[in-house]
There are 2 protein chains.
Amino acid sequence: MNKRGRNQTEPAKSAISIQDVADEAHVSIATVSRVLNNPEVVSAATAAKVREVIQRLGYVPNPFAQGLITRASRVLCLALPDIHGEFYSGLIRGADAKAHELGYHLLVSSEARGGPGATRAERSTGLALGLIDGLAIMITEPGDQAWTTAAESGTPVVLIDMEAQRPGVDCVLVDNAVGAAEATRHLLAGTPAASVFFVGGASENFDTRARAEAFASEVGRAGVALPENQISYGTYNVEWGYTWMQERVKTGRAVGIGVLAGNDEIAMGIVQAAEDAGIRVPGQVRVVGFDDTRIASLLRPKLSSVRVPLQDVGAAAIAALAARLEDPQRPPSITRLATSLVVRESSGG
Amino acid sequence: MNKRGRNQTEPAKSAISIQDVADEAHVSIATVSRVLNNPEVVSAATAAKVREVIQRLGYVPNPFAQGLITRASRVLCLALPDIHGEFYSGLIRGADAKAHELGYHLLVSSEARGGPGATRAERSTGLALGLIDGLAIMITEPGDQAWTTAAESGTPVVLIDMEAQRPGVDCVLVDNAVGAAEATRHLLAGTPAASVFFVGGASENFDTRARAEAFASEVGRAGVALPENQISYGTYNVEWGYTWMQERVKTGRAVGIGVLAGNDEIAMGIVQAAEDAGIRVPGQVRVVGFDDTRIASLLRPKLSSVRVPLQDVGAAAIAALAARLEDPQRPPSITRLATSLVVRESSGG
DNA sequence: CGCTATGATGTAAACCTTTTCATCCAATCT
DNA sequence: AGATTGGATGAAAAGGTTTACATCATAGCG
């Protein structure tokens, strides 16, 4: 009965296959496959019987065999520079939710080492090329070319968060400029243009640059000749914000200013340095953060911040990937997600 | 030359295969395979030539074909109740790092719907059974049985964070009791036993119970007859902490107490409610959080908290899974990670 | 010189599924 | 009645890799 002539004495190690189901239901494997993938072409009676057997045997199709034929795994990869912290966490959550919604699995990766080279171990450490149906990758710095390997190998790629989209590639980008400009104008409304500052993270970072440029543009429009002088670059952490503010306190230039921080952590550092120096926020110093992570609303004073829709970014990237997989011929899409100012307490009325 | 007799006029859509490499290098596919997987059995000259061709053609083995034979994908799945926030973020980071270190890919999933039933879409939405080599799943509540499906199908499973390990299954568990007891003793050292409280999250949660029990045990030892009366359950968020403290403020029982919170967010709510009522922390109220997430050290006053080595938990789960895959016969392992008190400002000296 | 190890390589089966094509039977039409 | 259509199903190929087994040449040995 069993066409594969299995040795009945040895315990069946391998999972049951479509052949087992076919044998048990007295049909061919083709029919079993059809019940699963094309139910409308098989008679109701046969379908019912096959389904019963599938249920009873707990049959699950082998994804490798399926992938070998369909050349699809329903696995998408999300590659990020890091996966820690509120920022990336939100992105992953959005991507995960959308992936599940669309029936995909999500592979996350914080490293994109490897490539076509070398040993098996090395290769498997990098991107799971060939296994994944598509790659959503976040690029924050110019040199980053990890995605080209994937693109060249024919894997659909979606670029996240780049300011400058590449022609011919689907992109999801965050419109840092809108929110940064809005926040700058908010500060300019109550503080002299010459006393408004931008304290950003790494200057190589795309987001940093875009935010800084929008800031400079607004401050320049407000009449400052060299707005670049009011911009500082550092690192995206609390310490840098604290250091920057401390420096101003020391030199007696800490009061009566307005600061747009590169992210919420920097903003937090600035606020803490001010408070430690007995300077009131927002009374004597006004501060606006960036990203609007969870801590912004938890801090006291509650931190005004430029909201970046992180979950939407993750979801949009997955959606774009799915759309490309469904229609490889569609023209490259550019999804632009806006940022917007959320005014709380740290920036005053 | 090309044994598969490809139509040369049509653009080669499919990726290049082992056959292409074999043809180009004038060897059999078996030799190519050996160069990749068993280099020591093939002559140096042949190996060099094959490697050159592989390099030149950019050949990458098809993971589906490999998986079909080897029954392995080098993909591990980490299933969590949610993937948002500092807590899960740390766990994922630890798992991701360890997975890369060991040469595995990491699939994350915040939902474990599906099972052997029904349509293709439904199935693919759940666990990627058959595709993944192993599953690390976090169980926080008793009813949770998502993992049994995987275990029954023969997929190796590692349970994370359960207080009560299941016999025969690899477990990674967090020793909540140690840290909770330590924190409780810390509070008891400066506050009367009758004025020390535990404000936890959901009572069904394994962690919550373990923490509450350790608390009760210590307070009982300190002479309180019914320590349970000093335990409250709610939700793991800021609001619940705030509400709890506000209630005590209203009824005039807010001063001179010590509180062990179920997590850092609850602790933060308690601190904020106290401050809003003009009550000093740690002067009049002492607070200790749990989990020691990033915010703990960022808050003012800096929050004392029980550190849970989240990254280590994630890493340990992946390590246990990898060990099981390498040796399916090894006895079930139990990795117990300790928690410990980190004293900062919110709990006083 | 002939026989046997031995090392290098090739052949072919197996892994499991999807899908095209062929087959078969019953029902409809002329 | 004979031809035709259509629905349901089966047979078989294809997809790319690993690996057991077969083959072959060469070197070593008696």
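Average partner chain C-beta neighbours within 10 Å, per residue of A:79-88?
Working: counts 0, 1, 0, 2, 10, 10, 5, 6, 1, 3.
That works out to 4 on average.
So what is the accessible area of chain B per residue, in Å², with the probe set to 1.4 Å? All intermediate terms of the calculation are to be shown ahead of the outcome.
Values: 14850 Å² over 349 residues.
Using a 1.4 Å probe on heavy atoms only, each residue of chain B averages 43 Å².
Would you mind telling me which residue in A:Thr243, A:Thr251, A:Thr31 has the biggest mean-square fluctuation in a Gaussian network model of chain A, where springs connect alpha carbons within a distance under 10 angstrom?
The residue with the greatest mean-square fluctuation here is A:Thr31.
Take the Cα coordinates of region B:176-308, assign each an equal point scatterer, and use the Debye formula without solvent to give log10 I(q)/I(0) at q = 0.13, 0.18 Å⁻¹.
-0.44, -0.89
Report the GluC sites (Glu not before Pro) located in region A:247-289 that are in a DSSP loop and have at most 12 other Cβ atoms inside 10 Å of their Cβ, or state none.
The qualifying sites: there are none.
Measure nothing but the geometry: give the 0 to 90° angle between the long axis through the Cα atoms of B:44-57 and the longest principal axis through the Cα atoms of chain B, rounded to 10°.
70 degrees
Out of B:Lys250, B:Lys98, B:Lys302, any idea which swings most in a Gaussian network model of chain B, alpha carbons joined below 10 Å?
Taking springs between Cα atoms under 10 Å, the residue moving most is B:Lys250.
Out of all Cα-Cα pairs in chain B, roughly what percent, to the nearest whole number, are more than 32 Å apart? Could you put the intermediate results ahead of the total?
Details: 28930 of 60726 pairs.
That fraction is 48 percent.
Working from Cα positions, state the angle (0 to 90°, nearest 10) between the long axis of helix B:85-101 and the longest principal axis of chain B.
For helix B:85-101, the angle is close to 30 degrees.
Tell me the carbon and sulfur percent of the accessible area for the protein assembly as shown, rounded to whole percent, probe radius 1.4 Å.
51 percent
Within 10 Å of each Cβ of B:95-106, how many other protein chain Cβ atoms are there on average?
If you average over the peptide's residues, the count of other-chain Cβ atoms is 5.
Roughly how big is the protein assembly as shown's charge dipole about its Cα centre, with Cβ charges of +1 (Lys, Arg) and -1 (Asp, Glu), in debye to the nearest 20?
About 660 debye.
Return the value, in Å² to the nearest 100, of accessible area buried between chains A and B (probe 1.4 Å, both sides summed).
Summed over both sides, the interface buries about 5600 Å².
Could you state the angle between the C-alpha long axis of helix B:264-276 and the longest principal axis of the C-alpha atoms of chain B, as a value from 0 to 90 degrees rounded to the nearest 10?
The helix B:264-276 is inclined about 40 degrees to chain B.
Distances in nm, one decimal, shortest first, from A:Arg336 to the same residue in every other copy, taking the label point 7 angstrom along Cα→Cβ.
5.9
Put the label 7 Å from Cα along Cα→Cβ for A:Arg221; what are its distances to the other copies, in nanometres, shortest first?
Spacings between copies for this position, smallest first, are 6.5 nm.
Averaged across the residues of A:295-301, what count of C-beta atoms belonging to other chains lies within 10 Å of each residue's C-beta?
That works out to 4 on average.
Between their Cα atoms, which of A:Lys250/A:Lys302; B:Lys49/B:Lys98; A:Lys250/B:Lys302; A:Lys302/B:Lys250 are more than 31 Å away from each other?
In this structure, B:Lys49/B:Lys98 lie more than 31 Å apart at Cα.
If you line up the Cα atoms of the protein assembly as shown on their principal axes, what length do they span on each, largest first, in Å?
81, 73, 56
Which value at 222 nm does chain A reach when only helices count, each DSSP H run of 4 or more adding -39,500 (n - 2.57), with the total divided by all residues and rounded to the nearest 500 deg cm²/dmol?
Details: 13 runs with 146 residues, N = 349.
So the helix-based figure for chain A works out to -12500 deg cm²/dmol.
List the distances, in nm to one decimal, from the label point of A:Glu141 to the label points of the same position in every other copy, shortest first, placing each label point 7 Å from Cα along the Cα-to-Cβ direction.
4.4
Using the Cα atoms as the points, what is the convex hull volume per residue of region A:18-61 in Å³?
Convex hull of Cα atoms, per residue: 56 Å³.
Most fluctuating residue of A:Ser153, A:Ser297, A:Ser73 in a GNM of chain A with Cα springs under 10 Å: which is it?
Greatest mean-square fluctuation among the candidates belongs to A:Ser153.
What ³J(HN,Hα) values, in whole Hz, does the Karplus curve 6.51 cos²θ - 1.76 cosθ + 1.60 give for region A:338-348 when θ = phi - 60°, with x put for Gly and Pro?
Karplus values, whole Hz, x for Gly and Pro: 7, 10, 8, 6, 10, 8, 10, 9, 5, 10, x.
The values are calculated or read from the model by the stated rules, or taken from the named source; none is laboratory data. What you are looking at is a predicted structure, and each value in this text was computed from that prediction instead of being measured. Glycine also receives a Cβ, built like all others from the backbone with ideal geometry; neighbour counts cover every protein chain displayed. With ligands, DNA and RNA removed, areas are computed over all heavy atoms of the protein, side chains included. Shrake-Rupley method; radii C 1.70, N 1.55, O 1.52, S 1.80 Å.
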